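Engineer: Shown below is the structure under consideration.
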Amino acid sequence: NWLFPKKRKKNLNKKYVKFTTPLPDFPFQVIEIDIKYVYIIGTQRNSYLITILDTFTRFAAEWVLEYNMKAQRVIDLIYKLQKNECIENVPYISIRTDNGSQFIAKAFRELLEDNQMPHEYIHPGTPQENGHIESFHSTVEKNICKKYEFNSLQEAKETLKRFYDYYNNERIMKSILYLSPKNFLKLWYEGKIGIKREKNKQIYFFKE
């Protein structure tokens, strides 16, 4: 109605990613956050799984599964990450997300600004710019969502907890020297792993 024109949304001054694949120099320098659906057959509802993934070690640092995924859920997960012992010696953390409503919410952006966490958005229609977390959630889809039918949200949470524990502590990955994320992180902090760059790729190696 021309008598009641819609208010224009303020420019969010988004900062978009410059490089398709992040090339961090240390653990948790760049983390990716994303949300995926997990269907609960017992209630015939979708739940929402959000994961915080470190692009350097592939470590899934924090996650939550709930029936709603408001911005406050993401905020609470950032607070939880700040208390994680894995980031005690991290100089700073930058965050990469898509343009979902949770990630453009004022409260979420203010939290990151107050905690000096740079935030980059991937370009619309380019999930490959969030490739690490997209790949991780594809693994969740293949190994959990397509293999199990959940009667309740609690049952899904218990199954996912076992999966995250296995993924972080036991799942071997070629990209991180055939180690699990937790073991790779441990050896890195012990100074036993080095890194070099070749043609915009990270090459990890064991120090002699």
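Engineer: Taking segment 55-95 as the search range and keeping residues that are in a strand (DSSP E or B) and open to solvent by less than 10 Å² (accessible area, probe 1.4 Å), which one is nearest to Ser135 (Cα to Cα)?
Structural biologist: Filtering segment 55-95 down to residues in a strand (DSSP E or B) leaves 60-66, 94-95.
Filter again for open to solvent by less than 10 Å² (accessible area, probe 1.4 Å), leaving 60, 65, 95.
On the way: Ala60: 12, Leu65: 18, Ile95: 17 Å.
Among residues in segment 55-95 that are in a strand (DSSP E or B) and open to solvent by less than 10 Å² (accessible area, probe 1.4 Å), the one nearest to Ser135 (Cα to Cα) is Ala60.
Engineer: Can you name the residue in segment 110-142 that is modelled with pLDDT under 95 and of a type in the set (Gly, Ala, Ser) and, of all such residues, is farthest from Ile50 (Cα to Cα)?
Structural biologist: Gly125
Engineer: So, in segment 142-201, how many residues would count as being farther than 28 Å from Lys36 by Cβ, among the aliphatic types (A, V, I, L, M) and in a helix (DSSP H, G or I)?
Structural biologist: Final tally of qualifying residues: 1.
Table: residues versus (1) in contact with a helix residue (DSSP H, G or I) (Cβ under 9 Å, 6 or more places away or on another chain); (2) without any contact (Cβ under 8 Å) to a residue 24 or more places away in the chain; (3) of a type in the set (D, E, K, R).
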| residue | (1), (2), (3) |
| --- | --- |
| Asp34 | yes, no, yes |
| Tyr37 | yes, yes, no |
| Asn46 | no, yes, no |
| Leu49 | yes, no, no |
| Arg73 | yes, no, yes |
| Leu77 | no, no, no |
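Engineer: Are any residues in segment 96-107 free of Cβ contacts under 8 Å to residues at least 60 places away in the same chain and assigned to a helix (DSSP H, G or I), and if so, which ones?
Structural biologist: Across segment 96-107, the qualifying residues are Ser101, Lys106, Ala107.
Engineer: Let me ask you something else. If Lys146 satisfies every condition in (1) open to solvent by less than 80 Å² (accessible area, probe 1.4 Å); (2) farther than 18 Å from Phe56 by Cβ; (3) at pLDDT 95 or above but one, which is the exception?
Structural biologist: (1)
Engineer: While we're here: Starting from residues that are out of contact with any Pro (no Cβ under 8 Å at 6 or more places or on another chain) and under 30 Å from Gly191 (Cβ atoms), keep the ones in segment 96-131 and report whichever is surrounded by the fewest Cβ atoms within 10 Å (Cβ to Cβ).
Structural biologist: Quick first cut of segment 96-131, residues out of contact with any Pro (no Cβ under 8 Å at 6 or more places or on another chain) only: 97, 100-111, 113-131.
If we keep only those that are under 30 Å from Gly191 (Cβ atoms) too, we end up with 115-118, 120, 131.
Numbers: Asn115: 12, Gln116: 9, Met117: 16, Pro118: 13, Glu120: 18, Gly131: 17.
The extreme case among them is Gln116.
Engineer: Examine segment 20-30 for a residue that is farther than 20 Å from Gln202 by Cβ and out of contact with any Phe, Trp or Tyr (no Cβ under 9 Å at 6 or more places or on another chain), and state whether such a residue exists.
Structural biologist: Keep residues of segment 20-30 that are farther than 20 Å from Gln202 by Cβ, which gives none.
No, because not a single residue in segment 20-30 is farther than 20 Å from Gln202 by Cβ and out of contact with any Phe, Trp or Tyr (no Cβ under 9 Å at 6 or more places or on another chain).
Engineer: Also, I was wondering about something else. Any idea which of (1) within 19 Å of Pro181 (Cα to Cα); (2) out of contact with any Lys or Arg (no Cβ under 6 Å at 6 or more places or on another chain) is the one Lys70 doesn't satisfy?
Structural biologist: (1)
Engineer: Turning to a different aspect of this structure: Got a number for residues in segment 18-54 being buried (at least 21 other Cβ atoms within 10 Å of the Cβ), at pLDDT 95 or above and in a loop (DSSP other than H, G, I, E, B)?
Structural biologist: Residues that pass the stated criteria total 2.
Engineer: Is at least one residue of segment 160-175 among the charged types (D, E, K, R), surrounded by fewer than 18 Cβ atoms within 10 Å (Cβ to Cβ) and in contact (Cβ under 8 Å) with a residue 60 or more places away in the chain?
Structural biologist: Among the residues of segment 160-175, not one is among the charged types (D, E, K, R), surrounded by fewer than 18 Cβ atoms within 10 Å (Cβ to Cβ) and in contact (Cβ under 8 Å) with a residue 60 or more places away in the chain, which makes the answer no.
Engineer: While we're here: Would you check which residues across segment 173-199 are of a type in the set (Ser, Thr, Tyr) and either more than 17 Å from Phe136 (Cα to Cα) or at pLDDT below 95 (or both) and list them?
Structural biologist: Here is the first cut: in segment 173-199, the residues of a type in the set (Ser, Thr, Tyr) are 175, 178, 180, 189.
Of everything in segment 173-199, those that are of a type in the set (Ser, Thr, Tyr) and either more than 17 Å from Phe136 (Cα to Cα) or at pLDDT below 95 (or both) turn out to be Ser175, Tyr189.
The values are calculated or read from the model by the stated rules, or taken from the named source; none is laboratory data. Since the model is a prediction, treat every value here as computed from it, not as a measurement. Heads up, the Cβs are rebuilt from the backbone with ideal geometry, glycines too, and the neighbour counts pull from every protein chain shown. To get the accessible areas, we keep the full protein, side chains included, count just its heavy atoms, and leave off ligands, DNA and RNA. Shrake-Rupley method; radii C 1.70, N 1.55, O 1.52, S 1.80 Å.
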